1. Exactly one condition in (1) modelled with pLDDT of 95 or more; (2) buried (at least 21 other Cβ atoms within 10 Å of the Cβ) is false for A:ILE152; which is it?
2. Using the structure shown, decide if A:LEU210 is more than 44 Å from the chain's Cα centre (by Cα) and open to solvent by 20 Å² or more (accessible area, probe 1.4 Å).
3. Output the number of residues of the stretch A:568-592 satisfying the condition of being closer than 24 Å to B:ARG195 by Cβ, open to solvent by 10 Å² or more (accessible area, probe 1.4 Å) and of a type outside the set (Ser, Thr, Tyr).
4. Among A:ALA466, A:ALA483, which is aliphatic (A, V, I, L, M) and not in a loop (DSSP other than H, G, I, E, B)?
5. Give me the residue from the stretch A:534-552 that is more than 18 Å from A:PRO599 (Cα to Cα) and among the polar types (S, T, N, Q) and, out of that set, most open to solvent (accessible area, probe 1.4 Å).
6. For the stretch A:174-186, enumerate the residues that are open to solvent by less than 20 Å² (accessible area, probe 1.4 Å) and within 14 Å of chain B (Cβ to nearest Cβ).
7. State whether one or more residues within the stretch B:94-107 are at the interface with chain A (Cβ under 7 Å from one of its Cβ atoms) and open to solvent by 40 Å² or more (accessible area, probe 1.4 Å).
8. Among the residues of the stretch B:295-325, write down those that are within 20 Å of B:PRO190 (Cβ to Cβ) and open to solvent by 30 Å² or more (accessible area, probe 1.4 Å).
Amino acid sequence: MLVPLNWLKEYVNINDEIRNFTERLTMSGSNVEGVEELGKDIKKVIIGRIEKIEKHPDADKLLVVQVNIGKKRIQVVTGATNIKEKDIVPVALDGAVIHGGKKITSAVFRGIDSEGMLCSPEELGLDDHGLPEDMQNGILILPPDAPVGKDIKDYLNLEDTVIDFEITPNRPDCLSIVGMARETAAVYKLTLKTPSIILKEEAEENAKDLAHITIEARDLCKRYIARIIKDVRIEPSPLWMQRRLQECGVRPINNIVDITNYVMLELGQPLHAFDYDKLQGHSIIVRRGGDSEKIVTLDGVTRDLSSDMLVIADKNKPIAIAGVMGGEESEISPSTKRILLESANFAGPSIRRTSRKLGLRSEASTRFEKGLDPNICAMAADRACQLIEALGAGKVAKGYIDVYPEKVNPRKIVFRPDRINRALGTKIPESEMIDILERLEIKIQKTPETAFAIIPTFRADIAKEADLVEEIGRIYGYDRLPATLPQGDVTRGKLQTSQKLADTIKQVLTDLGYSEIYTYSFVSPGVFDRINTPNDSPLRSAIKLMNPLGEEQSVMRTTLIPNMLDVVGYNLNQKIEEIRLFETGSVYIPQKLPLMELPYENKKLAIGLSGKHTDFYELKKTIEILLARLRIKQYTFIQYQHFAFHPGRCARIMIDGDELGIVGEIHPDVLENYDLNAKVYIAQLDMDLLIKKASTDIKFSALPRFPASDRDLAIIVEEKVPAGDIIKVIKGAGGELVESVELFDIYKGDQIKKGFKSIAFSITYRAKDRTLTDEDVNEVHNRIKVTLVEEFNGILRE
Amino acid sequence: MREELILLKQRALQNLAQSQNLDDLNELRVKFLGKKGELTQILRGMAGLSPEERPTIGKLANEIKEDLEREFSQKTIELKQQLKSQKLEKEWIDVTIPSKIVLGHKHPLTLIMDEIKEIFVGLGYEVVEGPEIELDYYNFEALNTPKDHPARDIQDTFYITDEILLRTQTSPVQIRTMEKRKPPLKIIAPGRVYRSDAVDATHSPMFHQVEGLTIGEDITMSDLKGTLEIFAREMFGQDRKSRFRPHYFPFTEPSAEMDISCIACHGEGCRICKYTGWLEILGCGMVHPNVLENVGYDPERVNGFAFGLGIERIAMLKYDINDMRLFFENNLRFLEQF
């Protein structure tokens, strides 16, 4: 809400320094978002009367003008086309500064002296939108009574401070100059000046005889007031009014429209003016729209109406979308002679829905949708008529038509000063509380048993005791509240075990050189093709957003792999070659589509690796270190086929029969889809399972008391026999005497037949209860050898 | 015989002086002092001496033996010392060769989140989580924000169905926790939130918040202020000033925003703080009685406060990051700075 300080001062006598003022209003709840000082740069621009206009002797397009500037006459050369003798105009004198900081000095144009410049509206920082067309492209012509010789800044109120207040949605009453003046008065303990409105009502007719108002949709319209004005003269509004509208960010249009906007800005009540003669049957019906009805709005767009929209209709058809925008047909035009002025109250939620549905937001709709006070309708209508009379824009008919089926009365809230102090943690005396409330126009009514706060109807936001607590707290000053800590029951601060384990996982990975990434939870539906996902894969059952920002961010991810590939690719493009990354984040798995209940949010861990000396085994080692740190022992890596991975370089990781995840080298086709020229290794693990399987129980087992005995063995087997299988057989055949098996060599080459490999292990044997003899060890070792030969069709090497 | 002994000593000492290593030294020891060594050989001649001479020669021989033994041990120590020095000299390395470090980095948002968790766990808060895909009821309705409430405008929401959405705030975790548990409660809930804002330097359709909730008997607005002042000082330094400014949220009443003195200008006024000297860091307030009623609590008996803060905003302020997009671009040159 833009508030010009000069306008505000008409309602409250505020004289504080601007910095203090903005600070105090901010601290009482009206946050200041900006301050703009207007007209400060404009200097030495004076009001002058054109005495004489002559053609420039040597230039067709220039005029030589004699201007009376009060004490003297000066000569100005101008290219203007819209001036005539006796016009009153702004003149920038020698040494003047105009809007934008441009300096004006005396000059000579084709041999003729010019001692200044006649100014256009733009050169004074004015919006020329509401001015006659000739002035829009020419010099600003001032009214005949403008005082010659005076500074234009004072006359046009050019120097002003406009404060931008952030008004929270609960305070529509503050979307007005009077509302902000009321806040200012409460904060500064000043009196709000409310003007008395006296109307002349010069027209003989009674409004009641001129029109008929019906409210059909009583749930959506609480009150409808209409006034009738005849002998209307449509012209530009006076400069002072245009200036104020502009300061508030509203474009001037014509006197009638400007008056309705002016009153809306001043009092917070939107008004609408209809061309009375365009209303069929001179009647207004407030009703719901028909599903097949259409209306052309002021902006020239045809809008489809529906039964959940509130419309203003005449006898035949809708003439406005209530509270949102008027219709083109009944719009005020230069030929309008009589008007019907609407000051009504429409239900907020309906206005909000309608304006959303139509994508139409206006100054009026943003006020109505927050809920306005029906009790200000009459005052606003009167104020507008007062201005119409003052500007000579028309004659107001006597009285008004007021349909107000159910009067809204002030609300009563129990006032308990001790409860208020208990909520704030303060000891504010009751008298101070009452003083604060009264400054906000909230009266206290006491009965012998209870005290009540009587809430004015323009404060619909105050409905409960908590709201009184806020009013008292904010005017008393949050900065005066003590800083304490909650007393009473003790609670223990803690992280859940799962959160601690998640921290551990991140710690292990960063220690191993992996950096953490954060990527968007929504992805493009195209990612499934990019990672070669088969058509029937459940991964493709991704949850779709109804209103995504774009196709690229339209489905909730079901895998972290595409995001990881994106980030690896991004970094490769940044000429970073050694890439180690990880991400922990959710994937979103629907039980059913379309979504009927909340999906399963499954936390995953993705690890990505790319670089010169990296390979599958580095990533595998990373995972095994992680598993070891989490004390997970019962896991296996199983050769696996997965569409996104290299068919021979991918493993599935199992823990006790549950799938932990997958690790491998990304399939060359997928790399191609992502335009990647380097090999990329990715793992995706189930974080939830990882955390579930992590062991936090630590049990000590006695240190070995008897010595161990080591034996090596090497066996030649077919190349594709997995080492993991051989180790499993060694352990199985060896039984409990085998303490550990270590693979120390794999050899393929000259001495080994093609398609075969020699694989060598060192086995450590130990018994818990005795020193093993050579015979003991030999027996087991031989058993292992025999079993291996049988199982794998292998040849032992000696 | 006396002369023989003296000569032996002289010869032994000469040899000793020339010996260069421990092997030579051992050989010499055996040669002169060993069981079959020269000294023993000479002393065999003792038998031929007169009884008068025997004691003096015996004494001399002992003295010479002791002297030589001492000299030999002395020389042994010297040689060993010398050897050690030579070995150490050979083992010289260039300690200025730089190490090759491969160290990963936690994401700045994780670091900030961890810091926040640590502060509040220290104040007795428990860390809880809730779903990102939420029911409209938990994200809005239960938080005193019915459909068509004007406050819904501030948060442009991604919808999945009419009733299911991407949460716009971590506040629904308040409701879920209160529904499940009885007061007293002190929880914080970190997590991802979503709003349909187009991406620019200060907006992102996905960002992170931490929600805080305290419920008990006689919790006051002053307690809220005290708690958050501790947080602001822990997070931004002990001399950081903070202020509480009235604001509006549908689910708290009274509501406030907290500002801290500007990190760049310390309150003087600059571009970053829009010349106000203050930076907004969080929203908070006393839990609205309607919210308490929605979860079956009696607002006459219990009350509490809630707060919510944006992790990205705090990270940007604390690390002097000027563009929100950096958090989700994941450039390693960015990540490695944390």
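The values are calculated or read from the model by the stated rules, or taken from the named source; none is laboratory data. Remember, predicted model here, so these are calculated numbers, not experimental data. Every residue, glycine among them, receives a Cβ derived from its backbone with ideal geometry; neighbour counts consider all protein chains shown. Heavy atoms of the whole protein, side chains included, go into the accessibility calculation; ligands, DNA and RNA do not. Shrake-Rupley method; radii C 1.70, N 1.55, O 1.52, S 1.80 Å.
1. Of the numbered conditions (1) modelled with pLDDT of 95 or more; (2) buried (at least 21 other Cβ atoms within 10 Å of the Cβ), the odd one out for A:ILE152 is (1).
2. yes
3. 2
4. It is A:ALA466.
5. Of everything passing the filter in the stretch A:534-552, A:ASN535 is most open to solvent (accessible area, probe 1.4 Å).
6. Narrowing the stretch A:174-186 to residues open to solvent by less than 20 Å² (accessible area, probe 1.4 Å): A:174, A:176-181, A:183-186.
Matches in the stretch A:174-186: A:CYS174, A:GLU183, A:ALA186.
7. yes
8. B:ARG313, B:MET316, B:LYS318, B:TYR319
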